[in-house]
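As structure tokens, the structure follows; a few thoughts come after it.
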Amino acid sequence: MGFLVMTFPAAKADELTDYGDVAQYGIAGIALIISASKKDTEGMIQLGLTFGVATLATGGLKRLADVERPGGGRHSFPSGHMTNAMSGASYLHYRYGWKYGLPAYLMAGVVGLSRVKAQAHRWEDVLAGAAIANLTAYLLTDRFNDNVVLIPVFNSREKSYGIRIGARF
């Protein structure tokens, strides 16, 4: 029996920065997996809308504000990393409650810390990105109720459609 061991040099020395780069999308990815495991198609759509709208709003505001980054460069305000991370976290909170939201918020908070430590953003940039994502999720996410099932119904022969509603008691 043999083992193959491969090592690769780290692309960056700062693991916190690496975490922020991955977790900005990873939190939304986890949210998508949770929704898929619950067969929550409506939730997956709401997550996509939340992520997309918040990202577009942040991108537009970055170009309008054109604030210099602490370490040099442009478009510091608001933080796109934080918007991305908080989109997934806020969605989980508003869709499934604090049980899912709190750990996701803590993970997103570390993303914000990573951006400040990397001198890519100031705290106000991070807080603005978080606020945009949270407000977007609040407006676009409904509370999940697995006791109520909505099923679209299509009848091509009669050219009719509707929604069948089922509830568990």
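Which number in (1) touching a helix residue (DSSP H, G or I) at 6+ places or on another chain (Cβ under 6 Å); (2) without any contact (Cβ under 8 Å) to a residue 24 or more places away in the chain marks the one condition that residue 109 misses?
Result: residue 109 fails condition (1) only.
For residue 39, are the conditions met, namely being crowded, with 18+ Cβ neighbours inside 10 Å and among the charged types (D, E, K, R)?
So residue 39 does not fit the description; no.
Please give the number of the condition residue 123 fails out of (1) surrounded by fewer than 22 Cβ atoms within 10 Å (Cβ to Cβ); (2) more than 24 Å from residue 42 (Cα to Cα); (3) in contact (Cβ under 8 Å) with a residue 40 or more places away in the chain.
Looking at each condition in turn, residue 123 falls short on (3).
Exactly one of these conditions fails for residue 142: (1) in a strand (DSSP E or B); (2) modelled with pLDDT of 70 or more. Give me its number.
(1)
Within segment 56-72, track down each residue that is free of Cβ contacts under 8 Å to residues at least 40 places away in the same chain and surrounded by fewer than 18 Cβ atoms within 10 Å (Cβ to Cβ).
56, 59, 60, 63, 64, 65, 66, 68, 72
Just one of 131, 89 is buried (at least 22 other Cβ atoms within 10 Å of the Cβ), in a helix (DSSP H, G or I), at negative phi and hydrophobic (A, V, I, L, M, F, W, C); which is it?
89
Conditions (1) modelled with pLDDT of 95 or more; (2) assigned to a helix (DSSP H, G or I), marked per residue:
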position: 11; (1), (2): no, no
position: 19; (1), (2): no, yes
position: 26; (1), (2): yes, yes
position: 45; (1), (2): yes, yes
position: 49; (1), (2): yes, yes
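What are the pairs, 6+ residues apart or on separate chains, where a residue within segment 7-26 that is basic (Lys, Arg) has its Cβ under 7 Å from a residue that is assigned to a helix (DSSP H, G or I) and modelled with pLDDT under 95?
12/18
The values are calculated or read from the model by the stated rules, or taken from the named source; none is laboratory data. Since this is a predicted model, take the numbers as computed values, not measurements. With ideal geometry, Cβ positions are generated from the backbone for all residues, glycine too; neighbour counts draw on all protein chains shown.
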